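Report on the structure given below.
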Amino acid sequence: MCQHESTAAPKKRIFSGIQPTGVFTLGNYIGAVRNWGKLQDEYECIYCIVDLHAITVMQGPAELRNNTMRAYALMLACGIDPQKSVAFIQSHNPNHAELSWVLSCSTMFGELSRMTQFKDKSARHADNINAGLFTYPVLMAADILAYNADLVPIGADQKQHLELARNVAVRFNQRFGDTFTVPEPYVPQNGARVMSLQDPTKKMSKSDENANACVYILDDKDTIMRKFKRAVTDSDAEVCYREGKDGINNLMTIYGCVTGKTMDEITVEFAGRGYGDFKIAVGEAVADHLAPVRNEYARLYADKAYLNECIATGSEQAYRMTRKVLSKVYRRVGFVDHK
Ligand code: TYM
């Protein structure tokens, strides 16, 4: 072996995605996107704005186009460096949709019927229970398996979809021979499920009708402070992490995630102080933490030429990485070679 040749093991591969359905929430950020940036040095990372997934819910075309560009800029503003990671838009790489069809033939109707997100979304969009909403997890499996990703950084709400992707990979491998890496979820210990500020038994979500329930990462400081001051807590007055104190537990988790403090440190910091003080401290810490993201987003969104260049490079890299996998899948399945 030549002296300069590296003996290091190849980096493990990471894939994750986010829907371009509006500004990311504090839940998206803490549960997923912020961790994406931290993994870039240790892993080979591929991150994607999943616009194909977004159309399972009715989208105005102009709004979707706009939201996709905004989501891409936001992803970079959250710390994804297109020099280090492959950062692209899902519809720019047709291999995802192609693989999704093949995988759908290895996915059972029954297992898709059990997906809680499908049940929730069909209840919320009863006038548009389209087939895409049902097969959504197959496309998500294709996103991941097309890259043979080892790890998938996600919030807790996506674990069931990841389990399905694993099952599909195993089933395909058993039937056609080893083809796909079976991916593992990468769920943060803290903040995997950031809860609504108005109903802390529900996950924080863009689709919440109560404007105070959800913090968006581009909210200005006044808005953030207002939302935290109105956060629902409980009737005792002790800042400590305990079962049954859902509102306080959620605020402590958020505060811990943006300051790096442990639950014990937070308990000591706020001993003998009221919830009012605590909520102000959480609001300030979140606003301070997000200020650089907001500034970076404004800078990037103004530079469309740079964004378009990054998008083009990312799509090309993504296409190249997946074409070979798709050819292998086609051969394994028995499609005639196309010369
Ligand atoms: P999406 O767009 O709903 O959310 C993006 C990421 O944010 C996480 N998340 C949360 N984490 C903690 N607390 C919350 N309240 C919260 N809300 C959202 C989600 O778990 C997710 O990690 N189907 C996916 C997108 C997708 C994908 C993929 C992800 C498509 N293909 C392949 C990973 C790999 C989704 O709708 O995420």
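At-a-glance table
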{"read-out": "Selection from PHE228, GLY314, GLY276 lying farthest towards where the dipole of segment 195-339 points positive, charges on Cβ", "value": "GLY314"}
{"read-out": "MET195 long-range amide H proximity, modeled H, under 5 Å", "value": "MET204"}
{"read-out": "Added length on full extension, which subtracts the Cα-Cα distance from 0.36 nm per residue, HIS338 to SER205", "value": "43.4 nm"}
{"read-out": "Compactness of segment 102-253 - radius of gyration and Dmax, Cα, Å", "value": "19.0, 60"}
{"read-out": "Dipole magnitude (debye, nearest 20) for the chain, charges at Cβ of Lys, Arg, Asp, Glu", "value": "880 debye"}
{"read-out": "All-pairs alpha carbon distance profile, segment 246-339, 10 Å steps from 0, percent", "value": "13, 24, 14, 17, 18, 11, 3, 0"}
{"read-out": "Segment 181-339: translational diffusion in µm²/s, Stokes-Einstein, Kirkwood Rh over Cα pairs, 4 °C, 1.567 mPa s", "value": "68 µm²/s"}
{"read-out": "Charge context of LYS159, other residues only, Cβ under 15 angstrom, K/R +1, D/E -1", "value": "-1"}
{"read-out": "Convex hull per residue volume in Å³, alpha carbons only, for segment 26-185", "value": "117 Å³"}
{"read-out": "Inter-site label distance for ARG320 and ILE129 at 7 Å from Cα along Cβ, in nm", "value": "4.5 nm"}
{"read-out": "Spin-label model distance (nm) - TYR301 vs GLU243, 7 Å beyond Cα toward Cβ", "value": "4.4 nm"}
{"read-out": "Square roots of 5 times each gyration tensor eigenvalue, C-alpha, segment 99-151, largest first, Å", "value": "22, 11, 10"}
{"read-out": "Leading residue at positive end of dipole, the chain (Cβ point charges), from PHE176, THR21, VAL138", "value": "PHE176"}
{"read-out": "The chain: translational diffusion in µm²/s, Stokes-Einstein, Kirkwood Rh over Cα pairs, 4 °C, 1.567 mPa s", "value": "61 µm²/s"}
{"read-out": "Dimensionless Rg ratio for segment 300-339, taking C-alpha atoms and the 2.2 N^0.38 Å reference", "value": "1.79"}
{"read-out": "Fraction of accessible area attributable to carbon and sulfur, the chain (%, probe 1.4 Å)", "value": "51 percent"}
{"read-out": "Whether segment 233-299 is rounded, prolate or oblate, judged on the alpha carbon gyration tensor where a/c under 1.5 counts as rounded", "value": "prolate"}
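The values are calculated or read from the model by the stated rules, or taken from the named source; none is laboratory data. Note that the structure is a prediction, hence the values are computed from the model and not measured. Positions of Cβ are backbone-derived with ideal geometry, glycine not excepted, and every protein chain shown enters the neighbour counts. The accessibility values were calculated without ligands, DNA or RNA, using every heavy atom of the protein model including side chains. Shrake-Rupley method; radii C 1.70, N 1.55, O 1.52, S 1.80 Å.
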